[in-house]
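The values are calculated or read from the model by the stated rules, or taken from the named source; none is laboratory data. Just so it is clear, the structure is predicted and the values come from calculations on it, not from any experiment. Virtual Cβ from ideal backbone geometry, glycine too; neighbours counted across all protein chains shown. Calculation scope for accessible area: heavy atoms of the full protein, side chains included, ligands and nucleic acids excluded. Shrake-Rupley method; radii C 1.70, N 1.55, O 1.52, S 1.80 Å.
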Amino acid sequence: MRKTDALRGFLFAAVFGLVVACDVPQVEPPAGAEREGDAEAQAAASEASADAAERARPRTNPTGPAETLEPSVEPQLQGPASVARLHAMESQNAKLFSTAGGDPAINGLYTYFALFLGPAEGWQVFQIGDFEDWTVLSERQGRVVIEARESTLNPDTGLAMTRTRRIIIGFDPRQSDSITVTPGS
């Protein structure tokens, strides 16, 4: 027996002993999972691990009879139901949000910036763009920076091209009649 085989055996026994001592549920790896670089075996082991974690979660049992609900027939709820993404800026009475629409493969998020004017006036809403995806990078008083991914069709090939750009949204919460949208880097 080589030293490395003996060391592996010792390390395996030590790790096994620690795991048993911690009383963690064990998942048997599929055959071949110990081979280095075997992606299928590693994926199967990961799936088995996820299954074991799911079984370990506490189960929720009903505590009373189920209530059957009917869908709402209020047409004004169609707009809010189409909101697909929301980033609230509560300290500034503002928010970024997107509604889903169009082709999701080509910029399916219609993205807006909104300032809250007050209970009587409601929201002042500005369309920022039509993106595939966006992320808020930073936020401070009167300014928010987003990184937006958007697609366009290449007129020569007809294939979609994706670009990522940064957008600086500037605003004055006291003056809600306009905002600025500036390209950033």
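Annotations for the structure displayed:
- Boolean, A50 is over 29 Å from V181 (Cα atoms) and either touching a residue at least 12 places away in the same chain (Cβ under 8 Å) or of a type in the set (D, E) (or both): no
- Of everything listed in (1) over 25 Å from the mean Cα position of the chain (by Cα); (2) modelled with pLDDT of 90 or more; (3) open to solvent by 100 Å² or more (accessible area, probe 1.4 Å), the single unmet condition for R140 is (1).
- Inclusion of A160 among residues that are open to solvent by less than 80 Å² (accessible area, probe 1.4 Å) and in contact (Cβ under 8 Å) with a residue 24 or more places away in the chain is warranted.
- Which listed residue, of A100, A66, A88, A56, is surrounded by 10 or more Cβ atoms within 10 Å (Cβ to Cβ), farther than 15 Å from I146 by Cβ and of a type in the set (A, V, I, L, M): A100
- Residue in the range 154-168 that is within 26 Å of P80 (Cβ to Cβ) and at pLDDT 90 or above present: yes
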